[in-house]
Amino acid sequence: MYKVREGEPSYAFLTDLESQEKSRYGQPIELTVKDSALRGESLTINGDGDIGENPNRYKQHGFYLNADNCIGCHACESACSEKNDVPAHIAFRSVGFVEGGTYPNYQRINISMACNHCDDPVCLKGCPTRAYTKFAEYGAVLQDPDICFGCGYCTWVCPYNAPQLDPVKGEVSKCNMCVDRLEVGLKPACVSACLGNALDFGVIENIPENREQAEVEIPGFPRADITRPNIRFQQNKPTEHEMTRTDSMPVKYHREHHGEPFKATVDKKQGHEKYWNFKKLLTSHESAHVVFTLCTQATMGTFILLLLGNLVGVESLALLKTPVVFPVLLASLVIISTTGLYQLNMHLGKPHRFYRGFYNLKLSPVSREIAGVSLFYLGLLGYSSLALFEMVIFQWLAMVFAGLGILGALIGGYFMYKLYRIPARPFWDHWQTGSAFVSAALIYGALVPLVVTVLVAPSGVAVQPVIATLAWVMVAGLVIEGVGHIFHARDMKKRGNEGAGSYYWQVTKYGKSYELRNGLLALALLVAASLALIGIENIVGLVLLGMLTGMVFVTGAIGRSLFFVLVIPTTMPGAFFWKNDGFVEHARESGLAEMEQVGVAYERHHKFKTDELMATLKEHSLLAMVEEAKNILKG
């Protein structure tokens, strides 16, 4: 249990005596009934089995920020980091700001933000490993880094940037509400350290002494309707109609009249010049997701075409099951699918804990996607292993695996789409995400058997019917892709929020890459249609196939990479340096990240885990015997 210091100041103690029955969201503040079995359990802090005597132990607590008082001293950050032994490149609590006006009427609003221990924590629902728990004690949402395997999905879905993915250890951690201090009646460390009396803490909806407001909106604070956060604000000083961010995000906050809420809109701070930015585009942190999604959608599309072609009476696809084409096609699918799964798994902070991805099938779309894709992969492997045998029993088993594969493709594909429909990431939260995934399954699902057929089909076999069919499938996929992009661009510009900011980046920061993708997409459509009509019986057809293959690979790589790098979350603003993606990028490129005090770290968790694994092997395995044998031989 946390030890209360001698002479602890009075402002460090919780003072709530009474509370309301319900929060503004209609949720009961008393989280359990008095006779509930949930009461009377220890949080077992530091191995201590005692139970805190806080009279409000089972009521929802939350933070309170008086933005008028916050001076941006960062004492709250320092106290939190010291108390929780947080490394320099991670911060459970951070202070960002927005500014407006000009001299002499310049104004700056500081926002101190940590986890808001929401009524509806999307991190808990999204986490595939069940590393999150919302406790009846204080309503705290706590996370266990030891359970986390470092997928980072909670950092995507949280609107407030509360979960922190450590690029060194490859695991997530976050604010724990200082429940050990609450158990002995003390406020969290950040609140006790606040110099300006801006931060406070207590039972939610209780307005602290000498305060008069308890709002859920403030300029720069992300929308509250996603998770119903337990934080309240006071901000009485009049603000400008437009408040800007000082970080690299092309977003600002605007309102037409005083009293209206601020709304996020585009801040064209980077001008209108167009750039390529190929290196940033194709080597982002999410490049593994690019490979995984494209490979998986391609193999799912091919597998369904291969199996359903005969069932729905598409006779031209029967050539895919000829003795020469069929085994090569199946081997190609297994290789492509395995490549995608390997890339995804190695992207995890703790790849050896991949099996934990199945832990939260009840709530997490990630767990459901993993289950569906795994079922598909099992079906693909089983079908590929048995379909080539002539015996009836093997054919029967092969069809069972085929059914599992199709079922897995449908489940995995659907939840692959659902996991990206994240309200905190407006650029993804659009039906075009689904159309892009379907089009990829059609385009690459037809391209794989098309290329295999051309390369390995025996001479003298009429391949034009299957080539035409597959080319028309690609045409359909390319049309769906193009139409989706048109509607997506139109809707993003209309929304005016972070999605519009993503679109602004799309036509400026990555403008030339974006135009290249669009041009190749249109050209690929024409080439695919031409290939369907001409076939490959002459050199022109082969040239068209080569062009088509190259173009769809380039459009796929650029388009899917744009999908990941362009997204702007509805998160709190950063500062000039801290929590500023632009500065992080600069620090890593310039070498400033080598200085620990800068607060930026390179992504080292794969090397960290490899070194850790090798050390373990040397200590406990055959490798130690080999090393010992070498030493004996040298002696």
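The values are calculated or read from the model by the stated rules, or taken from the named source; none is laboratory data. None of these values were measured; they are calculated from a predicted model. We place every Cβ from the backbone using ideal geometry, glycine too, and count neighbours over all the protein chains shown.
Is it the case that segment 246-261 has a residue that's under 27 Å from TRP578 (Cβ atoms), surrounded by 14 or more Cβ atoms within 10 Å (Cβ to Cβ) and among the aromatic types (Phe, Trp, Tyr)? So that I can check it myself, show each step before the final result.
Just the residues of segment 246-261 that are under 27 Å from TRP578 (Cβ atoms), to begin with: 246-255, 261.
Narrowing further to those that are surrounded by 14 or more Cβ atoms within 10 Å (Cβ to Cβ): 246-255.
Restricting the remaining residues to those that are among the aromatic types (Phe, Trp, Tyr) gives 253.
Yes, segment 246-261 has at least one match.
Among the residues of segment 141-156, is there at least one that is more than 25 Å from ARG604 (Cβ to Cβ), modelled with pLDDT of 95 or more and surrounded by 22 or more Cβ atoms within 10 Å (Cβ to Cβ)?
yes
A quick yes/no check of all residues on (1) more than 12 Å from LEU450 (Cα to Cα); (2) more than 39 Å from the chain's Cα centre (by Cα); (3) surrounded by 14 or more Cβ atoms within 10 Å (Cβ to Cβ); (4) modelled with pLDDT under 95:
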| residue | (1), (2), (3), (4) |
| --- | --- |
| GLY519 | yes, no, no, no |
| ALA524 | yes, no, yes, no |
| LEU531 | no, no, yes, yes |
| ILE534 | yes, yes, yes, yes |
| GLU537 | yes, yes, no, yes |
| VAL540 | yes, yes, no, yes |
| VAL543 | yes, yes, no, yes |
| ILE558 | yes, no, yes, no |
| SER561 | yes, no, yes, no |
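Test of understanding: among ALA79, ALA88, ALA37, which residue is touching a helix residue (DSSP H, G or I) at 6+ places or on another chain (Cβ under 7 Å) and assigned to a loop (DSSP other than H, G, I, E, B)?
Within the list ALA79, ALA88, ALA37, the selection yields ALA88.
In segment 99-129, which residues are touching a strand residue (DSSP E or B) at 6+ places or on another chain (Cβ under 9 Å), part of a loop (DSSP other than H, G, I, E, B) and buried (at least 23 other Cβ atoms within 10 Å of the Cβ)?
Of everything in segment 99-129, those that are touching a strand residue (DSSP E or B) at 6+ places or on another chain (Cβ under 9 Å), part of a loop (DSSP other than H, G, I, E, B) and buried (at least 23 other Cβ atoms within 10 Å of the Cβ) turn out to be ALA114, CYS115, ASN116, HIS117, CYS118, PRO121, CYS127.
Is it the case that some residue within segment 262-280 is in contact with a Pro (Cβ under 9 Å, 6 or more places away or on another chain) and assigned by TED's automatic domain parsing to the domain that holds GLY559?
Checked segment 262-280: no residue is in contact with a Pro (Cβ under 9 Å, 6 or more places away or on another chain) and assigned by TED's automatic domain parsing to the domain that holds GLY559.
Can you tell me how many residues in segment 454-473 are polar (S, T, N, Q) and modelled with pLDDT under 90?
2
Please verify whether ARG495 is modelled with pLDDT under 95, of a type outside the set (A, V, I, L, M) and out of contact with any strand residue (DSSP E or B) (no Cβ under 7 Å at 6 or more places or on another chain), treating the condition exactly as stated.
Working: modelled with pLDDT under 95: yes; of a type outside the set (A, V, I, L, M): yes; out of contact with any strand residue (DSSP E or B) (no Cβ under 7 Å at 6 or more places or on another chain): yes.
Considered against the rule, which asks whether it is modelled with pLDDT under 95, of a type outside the set (A, V, I, L, M) and out of contact with any strand residue (DSSP E or B) (no Cβ under 7 Å at 6 or more places or on another chain), ARG495 comes out as yes.
Please go through segment 127-139 and pick out each residue that is at negative phi and in contact with a Leu (Cβ under 8 Å, 6 or more places away or on another chain).
TYR132, THR133, LYS134, PHE135, ALA136, GLU137
Can you pull out every residue in segment 400-423 that is free of Cβ contacts under 8 Å to residues at least 40 places away in the same chain and either surrounded by 15 or more Cβ atoms within 10 Å (Cβ to Cβ) or not in a helix (DSSP H, G or I) (or both)?
Hits for segment 400-423 are PHE401, LEU404, GLY408, LEU410, TYR417, TYR420, ARG421.
In segment 340-379, which residues are in a loop (DSSP other than H, G, I, E, B) and of a type in the set (Lys, Arg)?
If the condition is that a residue be in a loop (DSSP other than H, G, I, E, B) and of a type in the set (Lys, Arg), then LYS350, LYS362 are the ones that fit.
Only one of these conditions is not met by VAL334: (1) surrounded by fewer than 22 Cβ atoms within 10 Å (Cβ to Cβ); (2) of a type in the set (A, V, I, L, M); (3) out of contact with any Ser or Thr (no Cβ under 6 Å at 6 or more places or on another chain). Which number is it?
Every listed condition holds for VAL334 apart from (3).
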